[in-house]
Amino acid sequence: LIDELRNEDVQLRLNSIKKLSTIALALGVERTRSELIPFLTDTIYDEDEVLLALAEQLGTFTQLVGGESYVHVLLPPLESLAQVEETIVRDKAVDS
């Protein structure tokens, strides 16, 4: 699934983004915080559909990063998403 996050095919990336919680569970909270979240922050995609799915997924990640004490690690990717051109993506990032 992680390789699909890097794939040029939009549909494969979208499918992988929709399974981010599975990836995070497999990695565990430490690796999710130290590897997955920075990867997602550095790899903000250009397809609105993928960005929207990412914003939706990140809204459910509180427990996957270790609970409320670590929720701040979600801010960098959400801040990046809140700055994209597409309004629906920005709104979902802010909601998350």
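One table, with the values for the structure above:
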{"read-out": "Dmax and Rg, reported as Rg then Dmax, of the chain (C-alpha, Å)", "value": "12.1, 36"}
{"read-out": "Charge dipole of the chain about the Cα centre (unit charges at C-beta), most positive-ward option of Val84, Phe39, Gly67", "value": "Gly67"}
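No lab work stands behind these numbers, since they all come straight from the coordinates. Everything quoted here is computed from the prediction, not taken from an experiment. Ideal geometry is used to build each Cβ from the backbone, glycine not excepted, and the neighbour counts take in all protein chains shown.
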